[in-house]
Every structure is written in C-alpha cells, then in structure tokens.
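In what follows, a single structure is set out as structure tokens and then discussed.
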Amino acid sequence: MTSATTAHSVVEPSTTTRRFAGTLVVLYAIITMIPLVWIMLTAFKSPDDAISYPPKVMFKPSLEGFCNLFTTRSRQTPEFIRSLGPPQGLCDDIARSRNMVVAGPSNYVPRFVNSLIIAFGSTVLAVALGTLSAYGFSRFRVPLKDDLLFFILSTRMMPPIAVAIPIYLMYRTIGLSDTRLGMILLYTSVNVSLAVWLLKGFIDEIPREYEEAAMIDGYTRFQAFVKVVLPQATTGIAATAIFCLIFAWNEYAFAVLLTSGNAQTAPPFIPIIIGEGGQDWPAVAAGTTLFLVPIVVFTVLLRKHLLRGITFGAVRK
Amino acid sequence: MAEVEIKAVSKAFGKTQALSDLSLTIGDGEFVALLGPTGAGKTTALRLIAGLEQPDSGSIRIDGRDVTGDAPADRDVAFVFQQYSLYPHLTVFENMAFALRAPTRRMPEADIRAKVQEVARLLHIETKLDNKATQLSGGQMQRVAIGRALVRSPSIYLMDEPLSSLDAKLRGELRLELKRIQVDLGATILYVTHDQTEAMTMASRIGVIEGGRLMQIGTPREIYENPINAHVAARLGQPTINLLPAALFAGAPVGVETIGARTEHLTIARGGGDISATVKRVEHLGDQSHLHLDLAGRPVVTLADPEAGFGAGDVVSLRLNRPLFFDAKGWRVAA
Ligand SMILES: Nc1ncnc2c1ncn2[C@@H]1O[C@H](COP(=O)(O)OP(=O)(O)OP(=O)(O)O)[C@@H](O)[C@H]1O
Ligand SMILES: [Mg+2]
C-alpha cells in the first residue's frame, strides 16, 4: 500500500546484542544439526562401522547403506556366486562380497513416491481450502464466526492419535484404509485448521479496500480475490504450505496404523529396513537422508517468503 | 457523467448510527464537497453510493436508474480511497490500467495504453509509469490514485479525502489541478473532506455533515455567510468563529443566547468600543497575525494587521459589526 509501506523504523541493535544473538543462533544450529550430521555419516558407513563401539567419526566411506536401501538381496553359497558372470554394477559387487546377490528393487522408491503424492496432495488441498475459508472468515459476516474458528482450532488441540481407532474403523468400512486418497484426506483435514488460522491472520492484514477498489472497477469478488488478494497473500500461503508439508511429510502414527502394502509412506517404512541379523542402520540412515531432500528443496525455494511469513505479518512489506 | 440522487438514506453499524436520513442530489457535472469532522459519516456516504455498503433504508439513483441493490461493478462509479489506494504488487501503469482491464470491459490493449498515457500526462506522472507503486513519493502516489479513477468515464467520481495525506504545499497544488481537470472533463464529483479550504475552493456546493446528519447544503458563500446553526458556522472560517454569550453584549435581539463573531464581525481599536478585552498572545503568520484575546474570561481569536502593533497585555476595545445570532439550541436567529 501507500502510507504503510513508507514508515517502518527499526532501532538498530547494538554490536554486543548482535554478537550475543549470533552466538545463540550458531549454538542452536549446531545442537539441532548434530543428529542430522550423525545420520548422514551413518548412511556412508559399513554395517560394522555403524554399530561399532566407541562410535567412529573417521571411517572408510561405503555406499552399502544406499545399496541395501534400494535393493533386496538373497544369501547364496560362495560356489553359486562364483558360477555367476561379472557383477552387475556396484551394488551387486558389494552384495557378492557378503555372499549375497541382488534379488530385486526394494520398496523404498514406491514408499517415497507415496510420501510425495500424499504430502504434496494434502498440502495443496489444505492450503487451497484454508485460503478460501480464511478469506471467508476474514471478509464476511459469518454467523457464530468466533465459535466456528475456535472449533476449527480445537481440532488441533487434541493429539491426532486420540482419534486413530475411530478413523481406522471408519476407513475400513468406507474402503479408504491403505489408499493414497484416504491419507490425503486425513492429512488435509488435520492441516486445514492450521491453514485457516495462519492464513486468516495474513488475509486480515490485506486491506479490504484493495478488493473493494477492484469490485468498483468492474471485477467480481472472485476475480478481485484472484487478482488482488492472492498476489498479496503469497507470503502467507508459502509459509502455511511449508508448515502443512512438514506435518504431512513427517507424519508417522496414522501412517503406521492406516497403511500397509499399497499406500504406505516412507516414515513407517524406513525404520523397519532389516538387514542381516537385525536393523540395517546404514540403510535406515540412507533412507532418512534422502527423505530430508524434498523438504529441504521446498523450504529453500520458498525461504524468501518463509522468512517474512513466520513473523506472522508483523513486518510490513 | 450523470445525475446522482440520494434519498433518505440511513445506515447504522450495530449501535452506531453512521448516517441518518441523508438526502442529496448531485447534478450532472457538479462538484459537491461533503465537509465534516472525523466520524461524521462521510466515508459511509461514499461507500453507500458505491455499493460497498447497503443502506438500512432509503434509495440511491444514478442517472435516473435505481441502483440501491446493485453490485458495485454495476453502478458505474469510480472511487478514490482515503488510503490504500494503490496495489503494491503492480506497476504504476498496471495500477492505472487495472479498471480498464476488467473482464467486463474488454478494452483493446492499444486503447488502454493510450488512455493511461493521456491521464498520466494530465497528472504529470508520465515518466513514472514503469515504477512499482511503492517506489513513489506521497504526492505521486496520490496522483496515481486519482489517475486510477480518471482513466474511466464513470457516472460519478467518489473521492474520499484524496489529498489528506499530503503536506500543505502539495495539497494546494493538487487542489488546483484537480479543479482544473474537473472543469476540463465536465466530471461529476462527490468529494469528501474535513479541510474547509478544499471544500471552499473546489466545490460548487458544500454539504456540511456532522454526527451522520447533513446539516446544510449550499454554495460555499451561502454556507459561510448564512450558516443555519452554530455547528455549521464553526466549520468554515479561519480562525474559527468566536461563540460568545449574548449577555456580554448589550442590544442583542430577544431569544439570542449566543453571538457568533468572525474576524470580519469584530472591529478592534485602542478604545471606545462596546466591550474591552485583554490581549493574551499574538501569533505572527507573516502577512497577518492571530490575536488571542481574553474577553471576560472567554478566549476570542481574531485576525489583526501586524502593523497595528498589538502586544500581550494590551487592553483593547471590541465593536461588533453585524455578527451572527444563535438561540439556546444553537439555531440561527435572524438579526
Ligand atoms: N464497518 C464499520 N463498522 C462499524 N462502525 C463503523 C463502520 N464504518 C464506519 N463506522 C462508524 O460510523 C461512523 C462514521 O464513520 P465514517 O467512516 O463514515 O466517518 P468519516 O466521516 O469518514 O470519518 P473520517 O474523517 O475519520 O474518515 C463512525 O462512528 C464509525 O466508527
Ligand atoms: Mg473517512
């Protein structure tokens, strides 16, 4: 807008304050990064290095974890392995050194694809529904507005797992259990409350005179919404989308309960990757490392909006 | 351009009666100003005409057609808002072309370009068309806001204090330009302001509005010389009219409770007037001075020639010179 944009003064923090804040941020970053770094290191360890005690920081990097993540293998006699032709690629080579052959692809890729479809699908739906309802709550006289908004928020106050059993039974009856559609609808309904609340804050900040001007100029309300409100709400929409995506991407409890063969997502799949004689930690770590990539990419793409977005409209454009 | 007729329109927001029984006709090509203090209902009146609010009662006609229930887009009005007038995500050109690009209008792009350039020249912003709306000075923003409306040829331009956010010098310049443009285009304008100078200099008629009621409407001269009550009298004139108890003066007509004395109603001399007063303070404004007087414990402000050489503490005499008379309720009493 015109007048609000110009006047925004910030008192510059002193050098000491800035150093102190900087130190805190770096410390916090290190503390949160340590587990991630450890997971990434583990992904490149051999199974023996991964469980050795004391833990190894220096080790000989190996791609065995990634190979085990993407393949299933079967144990064979050394004679049989010697009778085979030359190894088919790196993973086959590693498997043969352990008296195994690659039997086929693992389920990691289909699980990962399920995660992508379900998380992005539910995020798009939740943000779209959230934007429209937030606009409605922000601009129209809705009967019982405050009660409705509180009700929407209250669905978030209960731990989602409390309704897991009813949802499980319901989904079984209507045939939504172990389907991608079922998971998309479930994550959408959980996220939409957050989306409505976040986006209502952002849309409240957009002066209604913008749409009113457009409507006087010959646009319908919906056209004004698309032409004027949406472009100004991009920051809020981006921030909300990231929050929704992170929830849907990481969700574990419902996924364990409601999915198995068909629509299983990566989170319940990764920790149960079994190797020889128990958990295959390098494979689990490799699966987790790759699992982080989409969220990191998405966040980096939207980070400009996110920075402004998480201040919840406190900073003017 | 067309005639706009507002008939007995009322509007309440909850318990606040924003507008009561407003009737007003704006003639084709006329410049009418609504003048009133903050909260008087000026913006509400414009929003009702634009269709952004629905009246509780009454009707609105534009060019003879009853538009009371119509959507804003169907009313053919243009609005310049008090604030938030430009889209920050668009350039100046796109802001000004916004109305012309409305899907219902289907205007060819070449015509849009020509029209925007023509209006931009009129408002002296033709070099700023490619700027973002946020990269302008306050005065330029306000020109663009007015330009957004001027690219159209609506039945009526509704302007809500378009100059109020500007400094005095710019306001003066734009006031003149706006008046010139209105005359050139023969535009019908309803202009809302709380600045009496804007109303006096631009409007062919002024409506004085207060507490949601239209108190009086007439030419600037009528309103100034013949206010129907003390409220209206206090709206116009610099310095503000002095309202004094009639009892202080001899010879007021019966029924008069209050005497309204503007500068031109007061003759100040060193002695020999009707009543004497003490000079408390002199404000020098350059070409003239504001004289703050104490008249029997009541403040009186009037203009004086700086050459007269009055100073604080001087005792002067005042003579009333055909002042305005008001009764106990503030209504005007004929002299
Ligand atoms: N949407 C609304 N909801 C509730 N009350 C409102 C609304 N719009 C206006 N009002 C009230 O109606 C009255 C008139 O308001 P309006 O905006 O018309 O005043 P105004 O004359 O334009 O004042 P200003 O010079 O400050 O802009 C005020 O008391 C205001 O508080
Ligand atoms: Mg107003």
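The values are calculated or read from the model by the stated rules, or taken from the named source; none is laboratory data. It should be emphasised that the depicted structure is a prediction, and the values quoted were computed from it without experimental measurement. When we count neighbours, we look across all protein chains shown, and the Cβ atoms used for this are built from the backbone with ideal geometry, even at glycine.
Kindly indicate whether B:Ile181 is more than 16 Å from ligand 1 (Cβ to nearest atom), within 14 Å of another protein chain (Cβ to nearest Cβ) and either polar (S, T, N, Q) or assigned to a helix (DSSP H, G or I) (or both). Criteria not met by B:Ile181. Taken together, the criteria exclude B:Asp111 from residues that are acidic (Asp, Glu), within 16 Å of ligand 1 (Cβ to nearest atom) and in the same structural domain as B:Pro154 (by TED's automatic domain parsing).
Let's see how each residue does on (1) away from ligand 2 (no atom under 16 Å from the Cβ); (2) of a type in the set (Asp, Glu); (3) surrounded by fewer than 22 Cβ atoms within 10 Å (Cβ to Cβ):
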position: B:Val4; (1), (2), (3): yes, no, no
position: B:Gly14; (1), (2), (3): yes, no, yes
position: B:Ala40; (1), (2), (3): no, no, no
position: B:Thr68; (1), (2), (3): yes, no, yes
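A single entry from B:Thr188, B:Thr219 fulfils the requirement of being in contact with a Pro (Cβ under 9 Å, 6 or more places away or on another chain), more than 16 Å from ligand 2 (Cβ to nearest atom) and assigned by TED's automatic domain parsing to the domain that holds B:Ala78: B:Thr188.
Residue pairs whose Cβ atoms lie under 8 Å apart, sitting 6 or more positions apart in sequence or on different chains, and linking a residue in segment B:233-261 that is in the same structural domain as B:Arg205 (by TED's automatic domain parsing) and closer than 21 Å to B:Ala33 by Cα to a partner that is of a type outside the set (A, V, I, L, M, F, W, C) and modelled with pLDDT under 85, do not occur here.
Criterion first (small (Gly, Ala, Ser) and either outside any helix (DSSP H, G or I) or without any contact (Cβ under 8 Å) to a residue 60 or more places away in the chain (or both)) does A:Ala103 satisfy it?
yes
Which of the residues spanning segment B:126-160 are within 25 Å of A:Gln232 (Cα to Cα), assigned to a loop (DSSP other than H, G, I, E, B) and more than 10 Å from chain A (Cβ to nearest Cβ)? B:Leu129, B:Asp130, B:Asn131, listed by residue number.
Against the list (1) of a type in the set (Gly, Ala, Ser); (2) within 16 Å of ligand 1 (Cβ to nearest atom); (3) in a loop (DSSP other than H, G, I, E, B), the condition B:Gly207 fails is (3).
Could you please let me know if B:Gln83 is at pLDDT below 90 and in a loop (DSSP other than H, G, I, E, B)? Yes. Under the condition of being of a type in the set (Val, Ile, Thr) and surrounded by fewer than 17 Cβ atoms within 10 Å (Cβ to Cβ), the residues counted in segment B:235-270 number 3.
If you go through segment B:78-97 and keep only what is among the small types (Gly, Ala, Ser) and either within 8 Å of chain A (Cβ to nearest Cβ) or in contact with a Gly (Cβ under 9 Å, 6 or more places away or on another chain) (or both), you end up with B:Ala78, B:Ser85. Screening B:Asn229 with (1) over 21 Å from B:Asp21 (Cα atoms); (2) away from ligand 2 (no atom under 16 Å from the Cβ) gives one miss only, at (1). Which of the residues that make up segment B:20-38 are within 16 Å of ligand 2 (Cβ to nearest atom) and over 23 Å from B:Val183 (Cβ atoms)? If the condition is that a residue be within 16 Å of ligand 2 (Cβ to nearest atom) and over 23 Å from B:Val183 (Cβ atoms), then B:Leu22, B:Gly36, B:Pro37, B:Thr38 are the ones that fit. Within 30 Å of A:Ser260 (Cβ to Cβ) and without any contact (Cβ under 8 Å) to a residue 24 or more places away in the chain: is that true of A:Asp92 in this structure? It is true that A:Asp92 is within 30 Å of A:Ser260 (Cβ to Cβ) and without any contact (Cβ under 8 Å) to a residue 24 or more places away in the chain.
Being free of Cβ contacts under 8 Å to residues at least 12 places away in the same chain and not acidic (Asp, Glu) is true for just one of A:Gly85, A:Gly130. Which residue is that? Just a single option satisfies the conditions, and that option is A:Gly85. Given segment B:1-70, what strands (runs of 3 or more DSSP E) lie entirely inside it while holding 3 or more residues that are within 16 Å of ligand 1 (Cβ to nearest atom) and touching a helix residue (DSSP H, G or I) at 6+ places or on another chain (Cβ under 8 Å)? Filter on segment B:1-70 gives B:4-13, B:16-26, B:31-35.
So that you can scan it fast, the table gives a plain yes or no per residue for (1) within 11 Å of another protein chain (Cβ to nearest Cβ); (2) of a type in the set (Phe, Trp, Tyr):
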{"residue": "A:Tyr171", "(1), (2)": "no, yes"}
{"residue": "A:Arg180", "(1), (2)": "no, no"}
{"residue": "A:Ala195", "(1), (2)": "no, no"}
{"residue": "A:Phe202", "(1), (2)": "no, yes"}
{"residue": "A:Arg208", "(1), (2)": "yes, no"}
{"residue": "A:Ala224", "(1), (2)": "yes, no"}
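Scan segment B:162-176 and tell me whether some residue there is among the hydroxyl-bearing types (Ser, Thr, Tyr), under 24 Å from B:Ala40 (Cβ atoms) and buried (at least 24 other Cβ atoms within 10 Å of the Cβ). No. For segment A:102-115, the count of residues that are more than 30 Å from A:Ser74 (Cβ to Cβ) and modelled with pLDDT of 90 or more is zero. Quick one: would you say B:Arg75 is under 23 Å from A:Arg208 (Cβ atoms) and away from ligand 2 (no atom under 15 Å from the Cβ)? So B:Arg75 passes the test.
Counting the residues of segment B:84-120 that are surrounded by fewer than 17 Cβ atoms within 10 Å (Cβ to Cβ) and within 16 Å of ligand 2 (Cβ to nearest atom) gives 0. Across segment A:294-303, not a single residue is classified as within 14 Å of chain B (Cβ to nearest Cβ) and of a type in the set (S, T, N, Q). Before we move on, is B:Asp195 within 16 Å of ligand 2 (Cβ to nearest atom), touching a strand residue (DSSP E or B) at 6+ places or on another chain (Cβ under 9 Å) and farther than 25 Å from B:Gly51 by Cβ? So B:Asp195 fits the description; yes.
The criterion of at least 1 residues that are touching a strand residue (DSSP E or B) at 6+ places or on another chain (Cβ under 9 Å) and surrounded by fewer than 17 Cβ atoms within 10 Å (Cβ to Cβ) is met by the following strands (runs of 3 or more DSSP E) wholly inside segment B:271-335: B:275-284, B:289-295, B:298-304, B:315-320. Helices (runs of 4 or more DSSP H) fully within segment A:161-222 that include at least 3 residues being of a type in the set (Lys, Arg): none found. Regarding segment B:108-121, can at least one residue be identified that is in contact (Cβ under 8 Å) with a residue 24 or more places away in the chain, more than 27 Å from A:Arg221 (Cβ to Cβ) and either among the aliphatic types (A, V, I, L, M) or more than 13 Å from chain A (Cβ to nearest Cβ) (or both)? Among the residues of segment B:108-121, at least one is in contact (Cβ under 8 Å) with a residue 24 or more places away in the chain, more than 27 Å from A:Arg221 (Cβ to Cβ) and either among the aliphatic types (A, V, I, L, M) or more than 13 Å from chain A (Cβ to nearest Cβ) (or both), which makes the answer yes. Restricting segment B:161-177 to residues that are part of a helix (DSSP H, G or I) and either among the acidic types (Asp, Glu) or within 16 Å of ligand 2 (Cβ to nearest atom) (or both), which is farthest from B:Phe31 (Cα to Cα)? The residue in question is B:Glu173.
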